Structure formats: structure tokens, C-alpha cells
1. Using R₀ = 30 Å, calculate the FRET efficiency as 1/(1 + (r/R₀)^6) where r is the Cβ-Cβ separation of THR134 and ASP155; round to 0.05.
2. Could you work out how far the C-alpha centroid of segment 6-76 sits from that of segment 106-176, in angstrom?
3. When all alpha-carbon pairs of segment 1-107 are counted, what percent fall beyond 17 Å?
4. When the dipole is taken about the Cα centre of segment 39-176, and only Lys, Arg (+1) and Asp, Glu (-1) are charged at their Cβ, what size is it in debye, to the nearest 20?
5. With r as the distance between the Cβ atoms of THR43 and SER8 and R0 = 22 Å, compute the FRET efficiency 1/(1 + (r/R0)^6) and round to 0.05.
6. So if R0 is 22 Å, what FRET efficiency would THR36 and THR79 give, r being the distance between their Cβ atoms, rounded to the nearest 0.05?
7. Against the 2.2 N^0.38 Å scaling, with N counting residues, where does segment 42-173 land? I'd like the Cα-based Rg ratio to two decimal places.
8. Once the Cα gyration tensor of segment 116-176 is found, what semi-axes does its equivalent ellipsoid get, as square roots of 5 times the eigenvalues, in whole Å, sorted largest first?
Amino acid sequence: TTAPEFTSIPADYTSECSDDLILDDATASDNCGDVTIDVSSETIAGDAAGNYTVVRTFTATDDAGNSTSATQTITVQDTTAPELTIPADYTSECSDELVMDAASASDNCGEVTIEVSSETIAGDCAGNYTVVRTFTATDDCGNSASATQTITVQDTTAPEFTSVPADYTSECSDDL
């Protein structure tokens, strides 16, 4: 009439969502014979794609039908920020069209959104300025990574004359 006793139950632990889960077995003994251990598992969704809980229930049963149960809780979390790749910094002539390439990002456990903000900083003359683009990649769990691209715009081209009066000779008494 005595239920088996667990001699070993896997400890509760927390894991990164990209890591493989370690699913150790439990062990049990009985005062009168062999023990069978059945394992069932329930996954409980969390507040984001990379956050969830796995509850493993171990049930040890002896030949007489006596049983006892124990649980292990595995908490899975996404604590890793996305990896962000942004366009390289560059310098452009003020008359050229600026190239505003997109960034890309990947995450270890889910989808990523990328937001871009831009700030224009005036230079020392009308054709000189800097554009600073800030890219922020955020995953479903709120982990984020940011990086900036700097575009330097310069006016290095001298003006061109569109018309130049022709050379001529004048008498010193003539009005110029």
C-alpha cells in the first residue's frame, strides 16, 4: 500500500529560448518491487514568442498501482537582443541624391521590427550638413539593439559661370 518514493527529480531551471532544453529523467524506488515512471509535459505560453514555461510531471507507479507525482518547471526566456546590420557611413556631394539603404536584423527566437529615425545637423554653409540615421531593432520580448549611420554631405564643387562677357577693346574716353 506504500507509494514509490522519488530518489531524484530534475531541478527547476531557466533557459534562453535559443538553447536546447535539458530533459533529464527522474528516478524512484519502491519498498516492494519495480517502479514505472511516466512523464507528461505541458507548455504554457508566456507574454512573448520567446517566453514560455514547460511543466513536466513525473508519475512513479509500482506493481500494486500505488503512485506518486512530482513536477519540474522549466522557464524559457528570450533575453538576447537582435543582431542588427546597418548600411555603412558615407560622404556625398550636395548635388547627389542620398542613398537611404535599409538595415536588416535577425533574432534568436522570433520576429524583429526595425525602426529608423533621422536627424539632420546643419554644417558651416548651405551645402554642408550631416544626416544621422538611428536604426533600432526590437524583438517580440522587447530586447533591442541600436546603431547609427552617418551620411556626410559636402559642397566641394566650385560654381560654374553660365555666361561670361566677351573680351573687347575700348578707347580710354569711352564709357565702360
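1. Efficiency for this residue pair is about 0.75.
2. One Cα centre to the other: 60 Å.
3. 67
4. About 1080 debye.
5. 0.40
6. 0.05
7. 2.25
8. 56, 9, 7
Bear in mind these aren't lab numbers, they're just calculated from the coordinates by the rules spelled out. For clarity, every value in this text was computed on a predicted model and none was experimentally measured. Virtual Cβ from ideal backbone geometry, glycine too; neighbours counted across all protein chains shown.
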